[in-house]
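> One structure follows; several queries about it will come next.
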Amino acid sequence: MSPDDRWRVRHRIEAAEQAPAFVAGRERSALDSDEMLRLALTRAVEIVGEAASQVSAEGRSELADVPWAQMVGMRNRLVHAYFDINRDIL
């Protein structure tokens with residue numbers, strides 16, 4: 001895997017680890033009442049998808065079990081349809 005791909009995968013992992021830390025010990029209703037939590041979680045998921053989108057085809061093939069398309073698709077949904085985010089899915 002290229003150094004750039006390793007760097008992007010590391011970013012993806014870091015953001016993916018932050019997301020559950022943000023919501024730990026909170027109820028689902030916190031996403032409705034805490035705008036900072038909602039924005040932080042949204043941003044972490046966006047970073048996961050953006051970093052995934054930057055991994056080369058060769059890098060993706062080395063980690064074939066990773067759901068690359070789903071991560072990128074979620075990022076695109078959050079960025080381009082930010083006004084209609086299903087918080088139950090987030």
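> In the stretch 51-80, how many are surrounded by 12 or more Cβ atoms within 10 Å (Cβ to Cβ), among the charged types (D, E, K, R) and more than 13 Å from the chain's Cα centre (by Cα)?
Final tally of qualifying residues: 2.
> Another question about this same structure. If you scan the stretch 1-22, which residues turn out to be touching a helix residue (DSSP H, G or I) at 6+ places or on another chain (Cβ under 7 Å) and either of a type in the set (Lys, Arg) or loosely packed, with under 14 Cβ neighbours inside 10 Å (or both)?
Answer for the stretch 1-22, where residues must be touching a helix residue (DSSP H, G or I) at 6+ places or on another chain (Cβ under 7 Å) and either of a type in the set (Lys, Arg) or loosely packed, with under 14 Cβ neighbours inside 10 Å (or both): SER2, ARG8, ARG12.
> Among the residues of the stretch 39-50, are any hydrophobic (A, V, I, L, M, F, W, C), buried (at least 18 other Cβ atoms within 10 Å of the Cβ), at pLDDT 95 or above and touching an Asp or Glu at 6+ places or on another chain (Cβ under 6 Å)?
no
> Among the residues of the stretch 18-40, is any within 11 Å of the chain's Cα centre (by Cα) and of a type in the set (Asp, Glu)?
no
> So how many residues does the stretch 9-43 have that are among the small types (Gly, Ala, Ser) and under 17 Å from ASP88 (Cβ atoms)?
Counting residues in the stretch 9-43 that are among the small types (Gly, Ala, Ser) and under 17 Å from ASP88 (Cβ atoms) gives 4.
> Looking only at the stretch 1-52, filter to residues that are without any contact (Cβ under 8 Å) to a residue 12 or more places away in the chain and not in a helix (DSSP H, G or I); which one of those is nearest to TRP68 (Cα to Cα)?
Filtering the stretch 1-52 for residues that are without any contact (Cβ under 8 Å) to a residue 12 or more places away in the chain and not in a helix (DSSP H, G or I), the one nearest to TRP68 (Cα to Cα) comes out as ALA24.
> A further question follows. Identify, from the list ARG6, ARG38, ARG26, the residue that is within 27 Å of SER56 (Cα to Cα) and charged (D, E, K, R). Even if it seems obvious, please write down each step before you answer.
Values: ARG38 fails: within 27 Å of SER56 (Cα to Cα); ARG26 fails: within 27 Å of SER56 (Cα to Cα).
From the options ARG6, ARG38, ARG26, the qualifying one is ARG6.
> Would the stretch 81-89 turn up any residue that is surrounded by 11 or more Cβ atoms within 10 Å (Cβ to Cβ) and closer than 24 Å to SER29 by Cα?
Within the stretch 81-89, one or more residues are surrounded by 11 or more Cβ atoms within 10 Å (Cβ to Cβ) and closer than 24 Å to SER29 by Cα.
The values are calculated or read from the model by the stated rules, or taken from the named source; none is laboratory data. These numbers come from a predicted model, not from an experiment. Glycine also receives a Cβ, built like all others from the backbone with ideal geometry; neighbour counts cover every protein chain displayed.
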